[in-house]
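Novice: Below you'll find the structure I mean.
The values are calculated or read from the model by the stated rules, or taken from the named source; none is laboratory data. Keep in mind that this is a model prediction, so the values were computed, not measured. Neighbour counts are summed over all protein chains in view; Cβ atoms, including those assigned to glycine, are modelled from backbone coordinates with ideal geometry.
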Amino acid sequence: MKQLSTTIAILALATSSAAFAQGVSFATFDTDGDGVISKEEASENMQLEKLFPKLDSDGNGELSKEEFAQIQ
């Protein structure tokens, strides 16, 4: 099931659907459920890890839902 969730998340990133990314994929990447995606959580996906520095607009080392939604 986790592999299916990861596949869905990768698809969301690849298709650049902000609405889908915010809803389904954010929760998939926020594996500890704390409401943010840490660098460690992002490192589980090569694409997200690569985009992380650009998306982390406030430079706090975490992606909020709003920052993650910038994937367009």
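Novice: Considering only helices (runs of 4 or more DSSP H) fully contained in the chain, which possess at least 1 residues that are modelled with pLDDT of 60 or more, touching a helix residue (DSSP H, G or I) at 6+ places or on another chain (Cβ under 8 Å) and aliphatic (A, V, I, L, M)?
Specialist: In the chain, 2-15, 39-42, 46-55 are the helices (runs of 4 or more DSSP H) which contain 1 or more residues that are modelled with pLDDT of 60 or more, touching a helix residue (DSSP H, G or I) at 6+ places or on another chain (Cβ under 8 Å) and aliphatic (A, V, I, L, M).
Novice: Pull out all pairs, ordered by first then second residue, where Cβ-Cβ is under 9 Å, the residues are six or more apart or on different chains, the first lies in the range 45-63 and is farther than 21 Å from Asp32 by Cβ, and the second is surrounded by fewer than 14 Cβ atoms within 10 Å (Cβ to Cβ) and among the acidic types (Asp, Glu).
Specialist: Close Cβ pairs (under 9 Å, with a partner that is surrounded by fewer than 14 Cβ atoms within 10 Å (Cβ to Cβ) and among the acidic types (Asp, Glu)) amount to Ser57/Glu66.
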